[in-house]
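The values are calculated or read from the model by the stated rules, or taken from the named source; none is laboratory data. For clarity, every value in this text was computed on a predicted model and none was experimentally measured. Here Cβ is always computed from backbone atoms with ideal geometry, including for glycine, and neighbour counts include all displayed protein chains.
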Ligand code: NAD
């Protein structure tokens with residue numbers, strides 16, 4: 001598939017799943033606007049090696065004003081955004097009655113509201129040009145719950161709902177909106193949860209195994225490369241009538 005000449009914005013793409021998806025889109029020829037708080041120089045170098053144009057914008061995705069600046073910067077640098085991947089996300093684990101209010105607000109803002117803001121800002125241009133792809137990185141936690149993750153589960157279920165509404169509002173156009181729902185992927189976000197188990201006395205190998213055993217029947221992590229291939233498929237013509245799905249790639253997590 002060729003995405004030559006197309007512009008893609010992937011939020012939270014300095015590491016993990018976002019960087020994996022950005023790489024697949026760049027390998028297919030799309031110019032990339034990266035975002036996130038990680039090592040921007042390393043991410044830029046990785047994407048530039050694919051031979052496309054790439055830039056990074058440090059917008060904090062919890063702040064609507066900075067999100068508007070991010071979209072304006074992308075359009076000024078590369079032209080209108082054709083592919084929007086809403087990927088930035090954070091996690092926090094605590095029982096609901098002990099959940100810090102500011103952590104709840106941050107998770108809802110970054111994992112859910114940021115996708116509303118990017119979508120409302122990018123969609124008019126997609127409509128004007130008559131083509132677009134919006135891909136929301138939700139989670140298995142967009143389909144089922146887990147104890148201790150009230151804010152994350154609420155935000156990811158919300159993101160699946162937003163995906164369906166936007167898909168219906170664009171259903172008669174060549175713009176599609178879909179969600180991808182990964183199971184465990186070994187990224188910095190999940191490493192924090194492994195580290196918490198190590199701090200509680202597990203060895204690193206046992207901590208990883210325990211995490212998988214609890215939820216993921218395949219007992220193997222999903223990879224950013226596999227998720228990138230799914231995102232690439234959703235960008236293609238074969239996926240033109242895939243609309244409003246929440247597509248789990250989760251080692252069997254939600255089949256249980
Ligand atoms: P990660 O920590 O490697 O990446 C998160 C990215 O978001 C980083 O680039 C980080 O800098 C950025 N980010 C965080 N807060 C931000 C903010 N306020 N503004 C801008 N950028 C910000 O984690 P990941 O696992 O690659 O997560 C990516 C997405 O995938 C998240 O939405 C996460 O919920 C989702 N997800 C992850 C898993 C998993 O197992 N790792 C499973 C399901 C869904």
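Which of the residues belonging to the stretch 14-37 are crowded, with 17+ Cβ neighbours inside 10 Å, near the ligand (Cβ under 8 Å from one of its atoms) and outside any helix (DSSP H, G or I)?
Residues satisfying the conditions are 14, 15, 35, 36.
What's the total number of residues in the stretch 56-69 that are assigned to a helix (DSSP H, G or I), over 15 Å from residue 134 (Cβ atoms) and in contact (Cβ under 8 Å) with a residue 24 or more places away in the chain? If you could, list the steps in order and put the result at the bottom.
So in the stretch 56-69, the residues assigned to a helix (DSSP H, G or I) come out as 64-69.
Among the residues that remain, those that are also over 15 Å from residue 134 (Cβ atoms) are: 64-66, 68-69.
Next, from what is left, pick out any that are in contact (Cβ under 8 Å) with a residue 24 or more places away in the chain: 64, 68.
Count: 2.
Would you be able to say whether some residue in the stretch 222-236 is without any contact (Cβ under 8 Å) to a residue 60 or more places away in the chain, assigned by TED's automatic domain parsing to the domain that holds residue 84 and either part of a loop (DSSP other than H, G, I, E, B) or farther than 22 Å from residue 152 by Cβ (or both)?
Within the stretch 222-236 (the criterion being without any contact (Cβ under 8 Å) to a residue 60 or more places away in the chain, assigned by TED's automatic domain parsing to the domain that holds residue 84 and either part of a loop (DSSP other than H, G, I, E, B) or farther than 22 Å from residue 152 by Cβ (or both)), the answer is yes, since at least one residue qualifies.
The rows are residues; the columns are (1) under 20 Å from residue 238 (Cβ atoms); (2) more than 13 Å from the ligand (Cβ to nearest atom); (3) part of a loop (DSSP other than H, G, I, E, B).
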site: 173; (1), (2), (3): yes, yes, yes
site: 190; (1), (2), (3): no, no, no
site: 193; (1), (2), (3): no, no, no
site: 202; (1), (2), (3): no, yes, yes
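Give the stretch 145-167 a look and list any residue that's within 12 Å of the ligand (Cβ to nearest atom) and either surrounded by fewer than 19 Cβ atoms within 10 Å (Cβ to Cβ) or not assigned by TED's automatic domain parsing to the domain that holds residue 227 (or both), or say none.
Residue satisfying the conditions is 146 alone.
Looking at this structure, is residue 52 modelled with pLDDT of 95 or more, over 25 Å from residue 181 (Cβ atoms) and buried (at least 20 other Cβ atoms within 10 Å of the Cβ)?
Yes: the conditions hold for residue 52.
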